[in-house]
C-alpha cells in the first residue's frame, strides 16, 4: 500500500506533516475498553478548552486549516476541517459519540493532538495506491450516502485511488467507499498537521 502526496499540496499547506500507518487483521467489532477510555479522556480534555478559547476556530491548531481553506477559495462556514467540526462538538459538552473502536481510536488521537485524522478500509478500496493531489477537469467523486457520482471542479484537494477506473477519484472528506467501518479488515489511519502543527 502506498500513499502519495503531490508536491503542489505542500505548497497549499506549508508545514503540513502527514503520518500514515497500515493496520492488518484488525477486529473492529469487539469492545475495546482502552479505546473507550482514550476517546472519553480526549473528548473531555477537548471540551475543557471551552474555558480557554472562545470557539474552536480560535484554537492555534485549527486556525491554519481555516487559512488554508480560505486560500483555496473554500468557505470555512460551509466546509469545516474535520478537527474543527469535532472540536466544536466537544466544546459544546455532552457525551462523546461512538462509531466503532477504530474510528473512536483515531478520533481520540485527533482530539488529543487537535489535528485531523481519518482512515480507510483498504479491503473496500480495492487499490494499492492513494494519491493526495489537486483534482483535474472531468473527474468525479461519490459523496457520502449518494448513489451517483458528481463532477469535481479542477483544482480541488482530493484523494485519488487507482482501481478499475484509474481516473475516478474521491474527495478525502466525502467518501462512501472505503470508510473505516466494522469488521475484520485492513485499515489506513492518517494524521495530518498544518502550519507547523504536529500531526501525531
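The values are calculated or read from the model by the stated rules, or taken from the named source; none is laboratory data. As the structure is a prediction and not an experimental result, all values here were calculated from the model. Counting neighbours? That spans all protein chains shown, and the Cβs are built from the backbone with ideal geometry, glycine included.
The criterion of being closer than 26 Å to residue 75 by Cβ, buried (at least 18 other Cβ atoms within 10 Å of the Cβ) and modelled with pLDDT of 80 or more does not hold for residue 148. Of the residues making up the range 44-64, at least one is under 18 Å from the mean Cα position of the chain (by Cα), modelled with pLDDT under 90 and within 17 Å of residue 16 (Cα to Cα).
So how many residues does the range 2-38 have that are within 18 Å of the chain's Cα centre (by Cα) and on the phi > 0 side of the Ramachandran plot? The qualifying residues number 1.
The residues of the range 8-47 that are touching a strand residue (DSSP E or B) at 6+ places or on another chain (Cβ under 9 Å) and in a helix (DSSP H, G or I), listed by number, are 8, 9, 12.
Residues that are buried (at least 22 other Cβ atoms within 10 Å of the Cβ) and touching a helix residue (DSSP H, G or I) at 6+ places or on another chain (Cβ under 8 Å): find the helices (runs of 4 or more DSSP H) completely inside the range 62-136 holding 3 or more of those.
Per the criteria, 82-91, 101-113.
Just one of (1) more than 16 Å from the chain's Cα centre (by Cα); (2) over 19 Å from residue 35 (Cα atoms); (3) at pLDDT 80 or above fails for residue 124. It is (3).
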